Amino acid sequence: MYLVTTVLLGLMGLFFGDDSLSALGINGIEFFTHPWRLDGLDVTLPLLLITLIGTSGFLLLHSAYRIADPAVISPYEYSGLAAVMILAFAVCRDIPSALEATGMVLIVGAGIYLFHREQVQGQDTAAEATLR
């Protein structure tokens, strides 16, 4: 998935990275079409840190799904939703709309319900389950 994304964004940068699409007046496309510069440590170090943390988190989550039942792991994955909301507010002062908040509540609520249902049915929890 990451390889395909890298290739597609690289091609997009080659064809549209000269800011030629800015004249179209499409809101939000400027981020993708402006030339990127990675010449300073103030840009490169945060990108490397994001890469390291994101890759580590993905590998740990992938390992957790291999070991335990997905119904047990998924509620913990939802903690990322809270972290993203806090970060979005801290960096961009972004507050979710009512529709976004409703969607988040439905997703998290469904995950918590599944976790509760698995517990009520007496199935093994992550600590009791064996490696598949």
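Read-outs throughout are calculated quantities, based only on the coordinates presented, and are distinct from any laboratory measurement. Everything numeric in this text was worked out from a predicted model, so none of it was measured. Cβ: placed from backbone, ideal geometry, glycine included. Neighbour counts: every protein chain shown.
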Simple spin-label estimate for THR55 and LEU99 in nanometres, 7 Å along Cα-Cβ: 3.7 nm
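Which peptide among 6-16, 111-121 comes first, and what is the full order, when sorted by highest mean count of other Cβ atoms within 10 Å? Display every interim value, and only then the final one.
On the way: 6-16: 11.5, 111-121: 13.2.
Descending mean neighbour count gives 111-121, 6-16.
Ranked by Cβ crowding within 10 angstrom, fewest neighbours first, how are ASP69, ASP39, ASP18 ordered? Don't skip to the end; give the middle numbers.
Numbers: ASP69 17, ASP39 8, ASP18 12.
Final ranking by Cβ density, sparse to dense: ASP39, ASP18, ASP69.
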Within-15-Å neighbourhood charge of MET85 [Cβ basis; K, R +1; D, E -1]: -2
Once the Cβ-Cβ distance between TYR113 and VAL91 is put in as r, and R0 is 35 Å, what FRET efficiency do you end up with, to the nearest 0.05? 0.65
Pull out the extension gain between THR6 and VAL43, defined as 0.36 nm times the separation in residues minus the alpha carbon to alpha carbon distance; nm, one decimal. 11.5 nm
